[in-house]
Amino acid sequence: MRSRFASLLIVLFFVSLWPCQQAFAREKKKSDPAITVEPKFTVLSPLGIPPTIKLLAMAPRMNTLDGKTIYIVDDGFVGGDVLLKEMAAWFTRNMPNVNAVYRRKAGGFPDEDPPLWAEIKAKGDAVIMGVGH
Amino acid sequence: MDLESNLGKPTVSIITEYFKDLVEQNAAKKGMPDLRFTFVKSPVWGKTAEQLRRDVVEGTDPITGKPVMQEVVAELTTPLKDDDQKTRTIQQSAGPDHFGPDTAENLQKLFRKKGMTDYLPIVLPTEAKVDQMLKATSHKPDEIVGKISPTPGVYEYWSYTVKQVAVNAVMAGADPQYFPVILAIAAAGKESLSSSDNSFAEAVVINGPIRDEIGLNYGIGALGPFSHANATIGRAYTLLSINAGNCGKIGETYMGVIGNPANYTNIVIAENEKESPWKPFSVRKGFKPEDSVVSIFEGWGVISAKNSVFAVWQKDMNFAQELKNIFNDQDQLFGGVAVLSPAVASYVKQEGYDTVEKLTDWLYKSPDEAKPHFWSPAQINILVTGSSNNLYWDYGGMRYVKSVSIDQWR
């Protein structure tokens, strides 16, 4: 009888410890970096506002370049003049029916050249634009 | 594209091979996704006519493998697709306005993957941090501050709001009290990362009371990494250009051959007004001494003058003459800028230049009525910063772009 009572006391003692053990386990989980759940963040986009795109119509192509005038326009990058004059010479050698006209555009490469554009509009059938370098 | 759409002339553009992605994407964004190109071997310059005839004109397009001139002819004669002659408007989107929720590590990786950083760790721009930044200005979050293009006239402009500038300022690690300076830089609308293959650098010159209010360094190591304000304001400028201005996308909006280390934080120059013998730069541009002002410069960057004149560095050094010698040797494109220590500036003043204007006029003029090296005295700019513990100074090819009031962005 006495021993049964002692056993009961021992069981009650451990049962009373249960909440403490649970709390201890929770604390341990919090402090253990291997178990900690990483915080998550929502962040804002740093990107700006792109403009709308207005699609532009390309010019219809020709069936043939025979008898046509092609303006070969040099926008001024170093060495572009030498290359583009060689392109004009290629037409003379290989497509003599094409009138290849070399022109140096006024100003820097992004600048407009209204007199040249007017000349091309009036006399030209197509354009080769020498842009890169 | 204007030749096609406005003049109605079939056009083919000749482009060197490395610019393929850049020109194709740029053409699409400017409204002509099927604009026709022929690509040629790079570089073109530096070659003789015979080399160009053999290697380029009678060679092949390095992208398509087709003979160059046959391709040119085909691009002028092959019929268009139906869509190529239609016009309409397309609304572009920069993507979602937020990312996450996710871990800090994953978000850092995401920002790097999307090209939204300078590849250094960023401060994550949470709503709370951005809100803190926004409290440092009286301007509304959705107000448009300005617009930037990777190269004006070549690329489209992207615009940005006060809030979008704040996001980039947070990412750079800036304190909210720096925000009016960053907004003023943003309002200048000048890209810090030009698309040019020249690898340009930008400088921001800061004058007025704001320098002391936010702790900008204009003493020892003024141009170096020795101040939180200098470092993060400069970094915010680069991040703003990358993100809000669509700059710095390799192969698309950035083609710098070598790159420029100054692009990380730009060259932030808070003038040492207290020790300078001359009026502050901003005052020379028409502002009052009590105004806080940021001025943008662009060019190649700056370097120590000792690099050029080491052989004549001596006790009776004629600083003004050495400066003139250096400038007369420089490219004219960006003119010349000198960043003098206060001690050197004081020596120059003692040499008879009691105003900067007297100095720049003399630097501009050539002896014996010869044609001046630079195009105008305005191409020469003098700034004063740093300490006086020795007689060192920097110079470079950088031109003044514009000044913006910082006070209007408080």
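Assorted remarks:
- The phi-based Karplus calculation (6.51 cos²θ - 1.76 cosθ + 1.60; θ = phi - 60°) puts the 3J(HN,Hα) values of segment A:109-119 at 4, x, 6, 7, 9, x, x, 5, 4, 5, 5 Hz, whole numbers, x for Gly and Pro.
- Globularity ratio of segment B:104-409, using Cα Rg and 2.2 N^0.38 Å: 1.01
- Considering only B:PRO101, B:THR117, B:SER227, the residue lying farthest towards the positive end of the dipole of chain B is B:PRO101, judged by Cα position with unit charges set on Cβ.
- Leading residue at positive end of dipole, the protein assembly as shown (Cβ point charges), from B:THR253, B:LEU134, B:ASN217: B:LEU134
- 5 angstrom amide H check on B:LYS402, placed H, neighbours 5+ away: B:ILE296
- Our summary gives segment B:99-258 a relative contact order of 28 percent, counting only alpha carbon pairs under 8 angstrom and 6 or more residues apart.
- B:GLN51 versus B:MET1: modelled label distance in nm, points set 7 Å from Cα along the beta carbon direction: 3.4 nm
- Per-residue Karplus couplings for segment A:36-45, computed as 6.51 cos²θ - 1.76 cosθ + 1.60 with θ equal to phi - 60°, are listed in order as 4, 7, 5, x, 10, 10, 10, 10, 8, 6 Hz, Gly and Pro entered as x.
- Helix-only [θ]222 nm of the protein assembly as shown, DSSP H runs n ≥ 4, -39500 (n - 2.57) each, per residue, nearest 500: -9500 deg cm²/dmol
- In order along segment B:258-275, phi translates into HN-Hα couplings of 9, x, 9, x, 5, 5, 4, 10, 6, 9, 8, 10, 7, 5, 8, 5, 5, 9 Hz, rounded to whole numbers, per the Karplus curve 6.51 cos²θ - 1.76 cosθ + 1.60 with θ = phi - 60° and x for Gly and Pro.
- Cβ-Cβ distance of B:LYS86 and A:ARG104, R₀ of 35 Å, FRET efficiency by 1/(1 + (r/R0)^6): the value works out to about 0.55.
- Put simply, the amide H of B:ILE267, placed in the peptide plane, has neighbours under 5 Å in B:GLU202, B:ALA203, B:VAL204, leaving out anything fewer than 5 places away on its chain.
- Relative contact order (percent, whole number), segment B:51-155, Cα cutoff 8 Å, 6+ residue spacing: 9 percent
- Shape of segment B:244-294, Cα gyration tensor, a/c cut at 1.5: prolate
- Taking amide H as placed 1.01 Å from N in the peptide plane, the amide H of A:MET129 sits under 5 Å from that of A:VAL73, B:VAL12, B:SER13, B:ILE14, each at least 5 places away or on another chain.
- For chain B, the relative contact order comes to 15 percent (Cα pairs under 8 Å, sequence separation of at least 6).
A short reminder: the numbers here are calculations on the coordinates, not readings from a lab. The structure presented is a predicted model; accordingly, all values stated were derived computationally and were not measured. Counting neighbours? That spans all protein chains shown, and the Cβs are built from the backbone with ideal geometry, glycine included.
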